[in-house]
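Written below as structure tokens is the structure these notes are about.
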Amino acid sequence: MKFFVDTADVDEIREINETGLLDGVTTNPSLILKSGRDITEVTKEICGIVDGPVSAEVTATDFDGMMREAKVLAKIADNICIKLPLTMDGLKACKKLTSEGHQTNVTLCFSANQALLAAKAGATYISPFIGRIDDAGADGMELIEEIRSIYDNYDFETQILAASIRTVMHVKEAALIGADVATVPPGVIKALVKHPLTDKGLDAFLADWAKTGQKIG
Ligand code: G3P
């Protein structure tokens, strides 16, 4: 499973990218607001940090406006992936942009039928929002399962990008189901490495090692 980081905070992106485990970045208008930066400027900086796809979202809601904004965003860097909302105009723009060779990420997906349409529109990625479905009292992970089955039934190439991830359990469950990508907030990525028994075991090894009085090298 590929790991994208879900943030527009360049310091966080740089830190996580240094691990060599980062495959891409996703942003959205709320994350741009949180960064306090200009969208073009911050997106360009992010594209220079990571080699993988960087999702940048259009804000127009009509086809022509989306196409116009997509062209502006695509000029920022070669690794831009155009993020479009799951509406009829968004799907139409997705189809057109994909046919022109752009990477596309269809976002705000809350149903399997929406994901089916996005695949038919040739989306590179579909972003089902797990956490927001859980917030509404349903099971976000069920949606990932349904999309996995549908895409496998028809060999759709659209990659399932599990989004709105809030917990380490979300990451594990998405991986078990076979999501192609998870876009994860920085704090959750860092929490994935943690296990109290790892810390306890390491402390014990280091204490015993000190008693040997040895050094490696
Ligand atoms: O990038 C979209 C998505 O991951 C949003 O997450 O936590 O705002 O529901 P959240």
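Here are a few things to note about the model shown:
- Residue within segment 76-93 that is in contact (Cβ under 8 Å) with a residue 24 or more places away in the chain and among the polar types (S, T, N, Q) present: yes
- Residue among 119, 123 that is away from the ligand (no atom under 13 Å from the Cβ), crowded, with 23+ Cβ neighbours inside 10 Å and free of Cβ contacts under 8 Å to residues at least 60 places away in the same chain: 123
- Condition check for residue 59: touching a Pro at 6+ places or on another chain (Cβ under 8 Å), within 16 Å of the ligand (Cβ to nearest atom) and more than 22 Å from residue 170 (Cα to Cα): yes
- For segment 8-38, filtering for residues that are within 16 Å of the ligand (Cβ to nearest atom), aliphatic (A, V, I, L, M) and surrounded by fewer than 20 Cβ atoms within 10 Å (Cβ to Cβ) leaves 3.
- Among the residues of segment 67-85, at least one is of a type in the set (Lys, Arg), crowded, with 19+ Cβ neighbours inside 10 Å and either within 16 Å of the ligand (Cβ to nearest atom) or closer than 18 Å to residue 131 by Cβ (or both).
- In this structure, residue 47 does satisfy being part of a helix (DSSP H, G or I) and closer than 27 Å to residue 13 by Cβ.
- Among the residues of segment 145-167, none qualifies, meaning not one is touching a residue at least 40 places away in the same chain (Cβ under 8 Å) and assigned to a helix (DSSP H, G or I).
- Test result for residue 131, under 22 Å from residue 20 (Cα atoms), within 15 Å of the chain's Cα centre (by Cα) and not hydrophobic (A, V, I, L, M, F, W, C): no
- The residue list 155, 203 contains one member that is under 27 Å from residue 93 (Cα atoms) and loosely packed, with under 12 Cβ neighbours inside 10 Å, which is 155.
Read-outs: derived from the displayed coordinates by stated rules, not from any lab. All figures in this text were calculated on a predicted structure; none of them were measured in a lab. For neighbour counting, all protein chains shown are included, and Cβ atoms are generated from backbone atoms with ideal geometry for every residue, glycine included.
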